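This report refers to the structure that appears directly beneath it.
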Amino acid sequence: MNTDIFKLIFHHDQRLDKLAERNTRDNPREMETSLEDFMKPDPTYSKFYLTGTDLENERFGLNALSAYDEVIGALEVAFQSKKIFTYKTQFPSIQKAVQDMELGDVFILTDSDKVDLDITSLHIDINSNVGHLKEELKEALEAGYIVVYKEQAKDGFDLHMFSKKNVYREMFFPMQKLVPEAFRFFSINGKKFRSERHFYFETWTLDKPPHGFEEVHPETVL
């Protein structure tokens with residue numbers, strides 16, 4: 001059986017206005033939802049984390065997968081109508097953009113021929129995380145940009161994507177076509193995470209994944 005594991009972790013319906021506020025752990029009152037909040041049609045966004053595991057060699061990171069190039073190719077299919085920008089220039093492909101980027105850098109997916117945004121304002125260093133740039137990220141998403149980070153993984157890098165539009169379906173089907181030859185594919189509801197141990201579930205409970213961790217097969221339907 002294939003020992004490469006691809007994980008697409010998703011968080012849907014995140015409140016966009018919360019991006020500009022402090023984490024709920026710092027402000028417990030944010031966890032309360034008033035009737036007014038409930039009735040208001042808040043704009044939302046989705047975030048996706050793409051990562052992989054080479055179980056045979058115990059290496060962790062999207063680029064640890066033997067089929068890394070195929071994963072990036074699937075993203076090219078998913079976003080074939082989009083233009084790709086980093087802070088340097090427009091790129092002809094996602095693969096070339098990611099290859100050129102440093103850890104913590106961002107590329108933008110857009111329908112426009114130019115980006116009216118200081119992309120470097122979204123960059124993070126390897127000791128920080130996206131949560132440090134909530135206001136900048138909120139502005140980018142409100143403008144309709146899809147923002148993709150190249151983030152440090154244990155043995156390489158992962159991709160972390162933010163989008164006002166839910167683009168799960170766009171990515172799901174091209175990735176599903178790589179199953180089972182390229183890897184085993186798990187679609188994971190990020191709201192089900194309870195610990196770092198859950199993030200590495202494949203190392204201890206691969207045959208019986210936690211609730212919300214669904215393996216995708218060629219016959220799987222949405």
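Details
- Residue within segment 27-48 that is at pLDDT 95 or above, more than 19 Å from Leu141 (Cβ to Cβ) and open to solvent by less than 40 Å² (accessible area, probe 1.4 Å) present: no
- Long-range neighbours under 7 Å by Cβ, at least six apart or interchain, first residue of a type in the set (Phe, Trp, Tyr) within segment 168-182, second open to solvent by 20 Å² or more (accessible area, probe 1.4 Å) and part of a loop (DSSP other than H, G, I, E, B): Phe172/Leu222
- Residue check, Lys134 of a type in the set (D, E, K, R), surrounded by 17 or more Cβ atoms within 10 Å (Cβ to Cβ), in contact with a helix residue (DSSP H, G or I) (Cβ under 9 Å, 6 or more places away or on another chain) and under 24 Å from Thr110 (Cα atoms): no
- Unique residue being within 30 Å of Trp204 (Cβ to Cβ) and surrounded by 14 or more Cβ atoms within 10 Å (Cβ to Cβ) when the list is Ala78, Ala143, Ala97, Ala64: Ala64
Table: residues versus (1) under 22 Å from Asp17 (Cβ atoms); (2) in contact with a strand residue (DSSP E or B) (Cβ under 6 Å, 6 or more places away or on another chain).
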residue	(1), (2)
Thr110	no, yes
Gly144	yes, no
Arg169	no, no
Pro174	no, no
Ala182	no, no
Ser187	no, yes
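- Among the residues of segment 174-222, those that are part of a helix (DSSP H, G or I) and either crowded, with 16+ Cβ neighbours inside 10 Å or at positive phi (or both) comprise Pro174, Met175, Gln176, Gly190, His198, Phe199, Phe201, Glu202.
- Contact annotation: no residue pair with Cβ atoms under 9 Å, 6 or more positions apart or on different chains, pairs a residue in segment 111-124 that is at positive phi and assigned to a loop (DSSP other than H, G, I, E, B) with a partner that is open to solvent by 40 Å² or more (accessible area, probe 1.4 Å) and not hydrophobic (A, V, I, L, M, F, W, C).
- Flag for Glu139 being assigned to a strand (DSSP E or B) and out of contact with any helix residue (DSSP H, G or I) (no Cβ under 7 Å at 6 or more places or on another chain): no
- Here Ser121 meets each of (1) within 20 Å of Val167 (Cβ to Cβ); (2) of a type in the set (Ser, Thr, Tyr); (3) in contact with a helix residue (DSSP H, G or I) (Cβ under 7 Å, 6 or more places away or on another chain) with one exception, condition (1).
- Exactly one residue out of Asn166, Asn127 is in contact with a His (Cβ under 8 Å, 6 or more places away or on another chain) and surrounded by fewer than 19 Cβ atoms within 10 Å (Cβ to Cβ): that is Asn166.
- The one condition in (1) closer than 25 Å to Thr53 by Cβ; (2) in contact with a Phe, Trp or Tyr (Cβ under 7 Å, 6 or more places away or on another chain); (3) modelled with pLDDT of 95 or more that Lys164 fails to fulfil: (1)
- Residue within segment 103-114 that is more than 24 Å from Thr51 (Cβ to Cβ) and of a type in the set (Asp, Glu) present: yes
- Listed by first and then second residue, the pairs with beta-carbon distance under 6 Å, at least 6 apart or on different chains, first residue in segment 46-74 and under 23 Å from Pro92 (Cα atoms), second open to solvent by 50 Å² or more (accessible area, probe 1.4 Å) and of a type outside the set (Gly, Ala, Ser), are Ile72/Gln95.
The values are calculated or read from the model by the stated rules, or taken from the named source; none is laboratory data. Everything quoted here is computed from the prediction, not taken from an experiment. Don't worry about glycine lacking a Cβ; one is built from the backbone with ideal geometry, like all the others, and counts go over all protein chains shown. The protein model used for the area step is the full one, side chains on, heavy atoms only, and it has no ligands, DNA or RNA in it. Shrake-Rupley method; radii C 1.70, N 1.55, O 1.52, S 1.80 Å.
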